[in-house]
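Reviewing the structure listed below.
Computed from the coordinates by the stated procedures, all read-outs in this text should not be read as laboratory data. Note that the structure is a prediction, hence the values are computed from the model and not measured. Neighbour counts run over all protein chains shown; Cβ positions are idealised from the backbone, glycine included.
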Amino acid sequence: MTHPSSDGLTDFIPAERIQELLDRAPATPAEVREILAKSLAKRRLELAEMAALLSVSDPALQEELFAAACTLKKTVYGNRIVLFAPLYIGNKCTNSCVYCGFRAENRQVVRRTLSDDELRAEVLALIAKGHKRIVIDYGEHPDYSAEVIAHAVETIYATKAGNGEIRRVNVNCAPLDVEGYRLMKAVGIGTYQIFQETYHRPSYAAMHPRGDKADFLWRLYGQDRAMEGGCDDVGLGALFGLYDWRFEALALLAHAIHLEEAFGVGPHTFSFPRIKDASNRALDPAYAVSDEEFARLIAILRLAVPYTGMILTAREPAALRRRLLAFGCSQIDAGSRIELGGYSEASAEQDLDKEQFRLGDCRPLDEVVGELLEAGEIPSWCTACYRRGRTGEHFMEFAIPGFIKRFCTPNALLTLQEYLSDYGSPALREKGAAVIAAELAKLPEDAGKSELLARLAAIEQGQRDLNF
């Protein structure tokens with residue numbers, strides 16, 4: 001990675017325009033309903049339309065907004081929930097982010113970088129639980145170059161045990177230069193995620209006083225360089241609690257629009273974590289987002305960009321996650337540990353001096369899977385689109401019209417059958433069989449269903465990694 005330089009770059013986030021929209025009078029019910037109709041037609045909203053939804057304060061109209069988000073989520077994604085786990089590999093950091101436990105000035109945090117053997121032990125521990133998808137995390141430090149990250153990705157993919165393997169490695173690390181992203185593409189990563197943290201430049205400067213991350217524009221253009229380097233699945237995110245959540249939501253949409261205009265395809269995912277307690281944190285959030293505001297944020301993001309995946313993390317407590325899934329989230333992490341070595345050396349209690357922040361949902365994967373099954377959801381570990389080349393613009397060809405369900409539901413059922421066969425308890429297998437039967441009953445009696453039934457039977461006989 002070359003040293004960050006934002007020379008020649010211009011800020012494409014229209015901050016003044018966003019503030020003007022937020023200062024306008026609330027939208028009328030008729031205007032809101034017209035916008036909801038556009039969302040339900042699976043068309044991306046413009047900034048003014050999203051701002052209109054953000055202006056809704058009437059409880060009855062708010063319920064209409066929530067209902068539309070629920071309907072849209074089911075229409076585009078069905079009732080599947082994709083599961084993954086975070087894997088922290090190194091927490092050295094040269095940045096001074098005042099909200100983060102990894103910041104360079106924090107002498108309390110236990111610094112560590114996993115060796116290859118330690119990394120393999122972590123992967124084997126994840127595989128033993130049934131995980132197929134992970135996101136790797138590093139601090140931002142010169143030791144964590146593109147070559148180092150690429151080597152870790154190759155090590156993860158090469159680590160297998162029995163029927164278990166990691167099939168998709170997403171990356172949540174410092175922004176790279178174009179050559180660094182080309183290397184990420186070459187080793188077969190999934191999505192490259194970069195959180196801008198806050199799109200409000202004065203707040204960004206206050207939150208990131210030192211380190212490479214202090215360069216707002218270098219970070220802002222990270223996804224552009226990823227696209228130029230061939231990584232066509234990129235993730236956007238903001239850390240909610242650093243500034244007005246409504247501003248951040250509109251800025252996320254503005255960033256998505258920029259990518260569409262520049263590259264013909266928007267982001268693969270949105271992430272929207274809230275600030276949580278961290279080791280020796282130097283920030284008392286002045287813009288804390290309440291649970292109700294958080295629910296509104298998620299619903300409005302779903303309505304604004306209907307075809308983009310939305311990630312709800314284990315930062316949030318289990319009860320709140322149960323409620324928010326319906327409003328538009330399509331991916332969650334489960335069985336998560338965020339301390340270095342946390343899967344293979346797991347302890348009973350969280351230790352903030354070994355973690356970036358405090359988790360709110362520490363339940364094991366099988367418990368989360370069981371709860372999803374009881375709710376009639378399909379737990380999914382699908383990686384078919386990524387591995388069959390349905391990424392970037394090709395993914396959107398399917399996703400934007402909502403046709404992705406033709407692939408997602410069958411592939412979700414196949415990965416669920418794998419999980420039940422390899423890792424499920426008798427009780428979990430019974431719950432899973434009921435969900436699979438219910439989903440099969442919804443499918444038309446055609447060649448596609450016949451092929452799905454044949455593949456489900458083949459998995460029960462020992463075959464693996466079957467997908468459409």
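Along its principal axes, the stretch 188-320 has C-alpha extents of 38, 36, 28 angstrom, given from the largest down. Dimensions of the stretch 175-216 based on its C-alpha atoms, expressed as ranges along the principal axes with the largest first, amount to 37, 17, 11 Å.
Panel order for ILE275, ILE257, ILE300, by other beta carbons found within 10 Å of each beta carbon, from fewest to most: ILE257, ILE275, ILE300. Across the stretch 82-186, counting alpha-carbon atoms alone, Rg and Dmax equal 14.3, 43 Å. Computed over the stretch 256-328, relative contact order equals 37 percent, with contacts defined as Cα pairs under 8 Å that lie 6+ residues apart. One decimal place: the segment LYS449-SER290 gains 52.8 nm when fully extended, by the rule 0.36 nm per residue minus the C-alpha distance.
Ranked for footprinting exposure by Cβ neighbours inside 10 Å, fewest first, LEU283, LEU54 give LEU283, LEU54.
Computed from backbone phi with θ = phi - 60° and the Karplus coefficients 6.51, -1.76 and 1.60, the 3J(HN,Hα) list for the stretch 165-174 is 6, 8, 9, 9, 10, 8, 10, 10, 9, 4 Hz; x is used for glycine and proline. Taking all Cα pairs closer than 8 Å and separated by 6 or more residues, the relative contact order of the stretch 93-244 comes to 26 percent. Quick one: net charge around ARG201, please, counting Lys, Arg +1 and Asp, Glu -1 for every other residue with C-beta under 13 Å from its C-beta. Here the count lands on -4. Sorted on the mean count of surrounding Cβ atoms within 10 Å across their residues, most packed first, peptides 417-429, 308-320 read 308-320, 417-429. Suppose the Debye formula is applied to equal point scatterers at every Cα of the stretch 15-73; what is log10 I(q)/I(0) at q = 0.14, 0.25 Å⁻¹? Debye intensities relative to I(0), on a log10 scale: -0.37, -1.05.
Of GLU16, GLU339, GLU118, the sequence from fewest to most neighbouring Cβ atoms within 10 angstrom is GLU16, GLU118, GLU339. In order along the stretch 462-468, the phi-based Karplus estimate (6.51 cos²θ - 1.76 cosθ + 1.60, θ = phi - 60°) of 3J(HN,Hα) comes to x, 6, 9, 6, 9, 7, 9 Hz; Gly and Pro are listed as x. Highest average first, the peptides 83-94, 261-272 ordered by how many other beta carbon atoms sit within 10 Å of their residues are 83-94, 261-272.
Excluding same-chain neighbours fewer than eight residues apart, the lysines reachable from LYS129 by a Cα-Cα span under 29 Å are LYS73, LYS74, LYS92, LYS160, LYS185, LYS276, LYS354, LYS405, LYS431. Most simply put, the chain has about 10% antiparallel DSSP beta bridges, counting only bridges with both residues inside it.
Short-range pairs are left out: with C-alpha atoms under 8 Å and at least six residues apart, the relative contact order of the chain is 21 percent.
Within the chain, the cysteines lacking any other cysteine Cβ closer than 4.7 Å to their own Cβ are CYS70, CYS93, CYS173, CYS231, CYS329, CYS362, CYS382, CYS385, CYS408. Under a model in which nothing but the beta-carbon of Lys, Arg (+1) and Asp, Glu (-1) is charged, the stretch 15-73 shows a dipole of about 380 debye around its Cα centre.
Can you compute log10 of I(q)/I(0) for the chain with the Debye formula, treating each Cα as one identical point scatterer, at q = 0.06, 0.11 Å⁻¹? One equal scatterer on each Cα of the chain leads to -0.24, -0.88. Largest first, the three principal axis extents of the alpha carbons in the stretch 1-155 are 60, 43, 32 Å in whole numbers.
Around ARG167, with a cut-off of 11 angstrom between Cβ atoms, what is the net charge of the other residues, counting Lys and Arg +1 and Asp and Glu -1? So the environment of ARG167 carries a net charge of +3.
Here is what passes the span test in the chain: the DSSP H helices with alpha carbon length of 24 Å or more along the helix axis and a Kyte-Doolittle mean of 0.0 or above are 59-77, 245-263, 426-442.
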